[in-house]
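The values are calculated or read from the model by the stated rules, or taken from the named source; none is laboratory data. None of these values were measured; they are calculated from a predicted model. Here Cβ is always computed from backbone atoms with ideal geometry, including for glycine, and neighbour counts include all displayed protein chains. Side chains are part of the model used for accessible areas, which takes the heavy atoms of the whole protein and leaves out ligands, DNA and RNA. Shrake-Rupley method; radii C 1.70, N 1.55, O 1.52, S 1.80 Å.
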Amino acid sequence: MIRVDGLTKVFRRPRTFSGPLGTLRTLVTRQYEEKSAVAGVTFEVGEGEVIGYLGPNGAGKSTTIKILTGILTPTSGTVEVNGLVPWRDRSANARNVGVVFGQRSQLWWDLPLIESLRLVGSLYDVPAARFATSLKKLRDLLGLDDFLDTPVRQLSLGQRMRGDLAAAVLYEPPLLYLDEPTVGLDVLAKEAVREFIVETNRTGRTTVVLTTHDLADVEALCRRIILIDHGRVLFDGAIDALVDQPRRLVVLLESGPGQVRGVSRDADGRYVFDIHDDLPGLIASIAAEHTIRDLSIEEPDLESVIKGIYAR
Amino acid sequence: MIRIGFRLALAYRSNILITCVTLVAQVFLLRMIWTSVYGARPAAGLPLEALLAYLTLANLQAFATHTIVVSTAHHRIRVGTVFFDLARPVGYLRQLASFQVGNTLGGLCLLAPVVPVVLLVGSITAPADGPGYLLTLVLGYVIAVELALLISLAGFWMTETSAVALFHRLVSQFFAGTMVPLTYFPGFLGVLAEALPFKYLGYVPAAVYVGQISDVSGAVAIAVAWVVGLAGLLVLTWSRARRRVVIQGG
């Protein structure tokens, strides 16, 4: 469905100066700063997959999505989305994708929600009959009936997000880009958004590229993640493989030497042991030689694993 | 998009009311001032009645063809929602133009009730050349929208465009002759006003209406040339602008 190979995007902007007359110098400068937002990204996404496209703020996630929608032209590399080159076949590509940005809305602020949905129907040439059935389905699935005729500015964030989701899938695109669709939502609203994504993916075989900082979203929705930072792919693979690591025993001693049973003391004064099978035996053997002040067992979880990868 | 523009024009009731009141007040004030000016010293050129009719019409037109697309487009660039406009299968310029046309139609609906009042206050009689008036008015409107779209595209080069928008608004109002008829512009200012396209937004249709311009063919030919030329310039500017796209805010 999506094939990205060696993608790079370099932004070029006039250099800004500070200090006296800085503004003036900025205005007339011919010096440019180059900032590489995406620096050689390669990945593929198959039809019907839900992948988590993750990375810290400023990692290049949004830039990638803007290239995939055809709005930005990359500096180099090749991209194919559903057989099309997004920035060359921009209009045809636009019909294949739906986009939701948690941080900004495509709905018209001053008008009732239904007006924005009608606009989407007409911009994407949805025939009246299909629009009606599609809207009916979304009204049930997202519970839009309560606020379909309410101006968007009066909607709660959760309602607005449901409206944005409806606008993104109204023309039944085979591909969805969701950029932080649960940001700022309460637990129940998050759950509603996740259920909607699962449902859309299941019934329509819709491919979903999900960007989020809420790893609970990822655990609920994705089987595979792509981690990027500084514009490069750090990890691409199944979540199961990522978290398939031994549990760990963390021990604090009253007075610890540099090494205990081959494990060095870390910066916080802790000793971290991988637990393989005999946990009581491991604890007993440590207790036999040292006085234990505190101990805990850490389960491998996505958050700590991802933190570990970013820290590398 | 036409529908959105239309609905937005009618979204706020207080806005509608105030716009109507402003229009009537402006026409009334212009009438008072110019009557007083003429009363003190009869000016050369237009007779008072023709001048009043001209000013009333020019202002009515200015209200009816007022473009909001510049501020809407700039707002969407500022907050980044322009992303969605650019992600649509329909071209950006076509969306902006449809939005503006819809907004104008909505504006006409809300102006409709006060038009009789304005015509009465401005003592307007039947047009000297009805078809000619409509033709020049429509051409002037197309030029106004094209100019507004051009200014809208400035947002792709400049992040902060309110100064440009203000400049565009003042220049277009002044050189359209909504405050003072172009016939009163002295020397080089008159030549400039004559050469710029803004006169088709106000002066030309109004002058046709009151019979000051009797043969519209020349004006229509030049207006059509402006329409075509500006369209070409728009396409060219847009093809350059879209290469500069940077969406703000992550």
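Per-residue HN-Hα couplings for the stretch B:211-222, Karplus 6.51 cos²θ - 1.76 cosθ + 1.60 at θ = phi - 60°, whole Hz, x for Gly and Pro?
x, 6, 9, 9, 9, 8, 4, x, 4, 5, 4, 5
Using the Kirkwood formula on the Cα atoms of the stretch B:121-196, what hydrodynamic radius do you get, in angstrom to one decimal? Spell out each step's value before the answer.
Details: mean 1/r = 0.0677 Å⁻¹.
With all distinct Cα pairs of the stretch B:121-196 included, I get 14.8 Å.
Calculate the tail of P(r) for the stretch A:46-242: the fraction of all Cα-Cα distances greater than 31 Å, expressed in %. Walk me through the numbers before you get to the answer.
On the way: 2923 of 19306 pairs.
That tail contains 15 percent of the Cα-Cα pairs.
How big is chain B by the Kirkwood estimate over distinct Cα pairs, in Å?
Working: mean 1/r = 0.0520 Å⁻¹.
In chain B this quantity evaluates to 19.2 Å.
If the cut-off is 19 Å between C-alpha atoms, which aspartates and glutamates fall inside it for A:LYS35, apart from same-chain ones fewer than 8 positions away?
Partners found: A:ASP229.
I'd like the orientation of helix A:302-311 relative to chain A: the angle between its Cα long axis and the longest Cα principal axis, in ° from 0 to 90, rounded to 10.
The helix A:302-311 is inclined about 80 degrees to chain A.
Determine how large the accessible area of A:LYS137 is when every protein chain is in place; take a 1.4 Å probe and give Å² rounded to the nearest 10.
Surface accessible to solvent at A:LYS137 totals approximately 110 Å².
GNM, chain B, Cα, under 10 Å: largest mean-square fluctuation among B:SER123, B:SER172, B:SER36?
B:SER36
A:LYS137: which lysines have alpha carbons under 23 Å from its alpha carbon, excluding same-chain residues fewer than 8 sequence positions away?
A:LYS190
Just which residues of the stretch A:85-102 lose 50 Å² or more accessible area with every protein chain there, against their chain alone, with the probe set to 1.4 Å?
A:ARG90
Suppose R0 equals 30 Å; then what is the FRET efficiency for B:LEU17 and B:ARG78 from their Cβ-Cβ distance, rounded to the nearest 0.05? Mind showing how you got there, number by number?
Working: r = 29 Å, r/R0 = 0.96.
So, using R0 = 30 Å, E works out to roughly 0.55.
If you count, for every residue in B:79-86, the Cβ atoms of partner chains within 10 Å of its Cβ, what is the mean?
Working: counts 3, 3, 7, 2, 10, 14, 3, 7.
That average works out to 6.
Work from the charge dipole of chain B (Cβ charges, +1 for Lys and Arg, -1 for Asp and Glu, about the Cα centre) and give the residue of B:LEU170, B:VAL90, B:GLY190 farthest towards its positive end.
B:VAL90
Given the options B:ALA163, B:ALA193, B:ALA112, which has the most mean-square fluctuation in a GNM of chain B, springs set between C-alpha atoms less than 10 angstrom apart?
Among B:ALA163, B:ALA193, B:ALA112, the largest mean-square fluctuation in the Gaussian network model of chain B belongs to B:ALA163.
Testing the spin-label approximation: label points 7 Å from Cα along Cα→Cβ at A:ASP294 and B:LEU150. State their distance in nm.
Placing both labels 7 Å along Cα→Cβ, they lie 7.1 nm apart.
Normalised radius of gyration for the stretch A:186-269, please: alpha carbon Rg relative to 2.2 N^0.38 Å, two decimal places.
Values: Rg = 19.7 Å, N = 84, 2.2 N^0.38 = 11.8 Å.
Relative to the rule-of-thumb radius for its length, the stretch A:186-269 sits at 1.66.
Tell me, what ³J(HN,Hα) does each residue in the stretch B:89-99 have, in order and in whole Hz, if you take phi through Karplus 6.51 cos²θ - 1.76 cosθ + 1.60 with θ = phi - 60° and put x for Gly and Pro?
x, 8, x, 4, 4, 5, 4, 4, 4, 4, 4
Per residue, how much accessible area does the protein assembly as shown have with a 1.4 Å probe, in Å²? If you can, show how the numbers build up before the last one.
Numbers: 27170 Å² over 562 residues.
I get 48 Å² per residue for this part.
Which ³J(HN,Hα) values, rounded to whole Hz and listed in residue order, are derived for the stretch A:35-49 from phi using the Karplus coefficients 6.51, -1.76 and 1.60 in 6.51 cos²θ - 1.76 cosθ + 1.60 with θ = phi - 60°, glycine and proline given as x?
Working through the residues one at a time gives 10, 8, 8, 10, 10, x, 9, 10, 6, 10, 10, x, 5, x, 7 Hz.
To test your reading of the geometry: what angle, between 0 and 90 degrees and rounded to tens, separates the Cα axis of helix B:13-40 from the longest principal axis of chain B?
40 degrees
Using the 2.2 N^0.38 Å rule of thumb for compact globular proteins, work out how the protein assembly as shown stacks up: its C-alpha Rg over that value, please.
Working: Rg = 31.7 Å, N = 562, 2.2 N^0.38 = 24.4 Å.
That ratio works out to 1.30.
Okay, helix-only estimate at 222 nm for the protein assembly as shown: each DSSP H run of n ≥ 4 adds -39500 (n - 2.57), divide by all residues, round to 500 deg cm²/dmol; what do you get? Working shown, then result.
Numbers: 23 runs with 289 residues, N = 562.
Computed ellipticity for the protein assembly as shown at 222 nm equals -16000 deg cm²/dmol.
In the Gaussian network model of chain A, springs joining C-alpha atoms below 10 Å, which of A:LEU119, A:LEU144, A:LEU234 carries the largest mean-square fluctuation?
A:LEU119
In 10 Å bins starting at 0, how do the alpha-carbon pair distances of the stretch A:245-311 split up by percent?
Histogram of Cα-Cα distances, whole percents per bin: 19, 52, 25, 4.
For the interface of A with B, what's the total buried accessible surface in square angstrom, probe 1.4 angstrom, rounded to the nearest hundred? Don't skip to the end; give the middle numbers.
Working: alone 16750 and 13160 Å², together 27170 Å².
Accessible area lost upon association: around 2700 Å².
For A:PHE235, which sequence-distant residues (separation of 5 or more, or a different chain) have an amide H within less than 5 Å of its own amide H, given hydrogens modelled in the peptide plane?
Close amide H contacts, sequence-distant or interchain: A:LEU227.
Mind listing the long-range amide H neighbours of A:GLY40? Cut-off is under 5 Å, sequence gap 5 or more, other chains count too, H placed in the peptide plane at 1.01 Å from N.
A:LEU7, A:THR8, A:LYS9
Can you tell me the alpha carbon radius of gyration of the stretch B:9-93 divided by the globular rule-of-thumb value 2.2 N^0.38 Å? Could the numbers behind the result be given before it?
Working: Rg = 19.9 Å, N = 85, 2.2 N^0.38 = 11.9 Å.
Normalised by 2.2 N^0.38 Å, the Cα Rg of the stretch B:9-93 equals 1.67.
If we count every other residue with Cβ under 13 angstrom of A:GLY231's Cβ, Lys/Arg +1 and Asp/Glu -1, where does the sum land? Display every interim value, and only then the final one.
Details: positive: A:LYS9, A:LYS35, A:LYS61, A:ARG232; negative: A:GLU34, A:ASP229.
Result for the neighbourhood of A:GLY231: +2.
For the residue pair A:ALA284 and B:ARG94, what label-to-label distance in nm results when each label sits 7 Å from Cα along the Cα-to-beta-carbon direction?
Going from the A:ALA284 label point to the B:ARG94 one covers 7.9 nm.
Take peptide A:115-122, look around each residue's Cβ out to 10 angstrom, count Cβ atoms belonging to other protein chains, and average those counts. Before the final figure, lay out each step's value.
Numbers: counts 5, 2, 0, 3, 8, 2, 0, 6.
For peptide A:115-122, the averaged partner shielding equals 3.
What lysines does A:LYS307 reach when the alpha-carbon gap must be under 20 Å and sequence neighbours fewer than 8 apart in one chain are set aside?
Partners within reach: A:LYS61.
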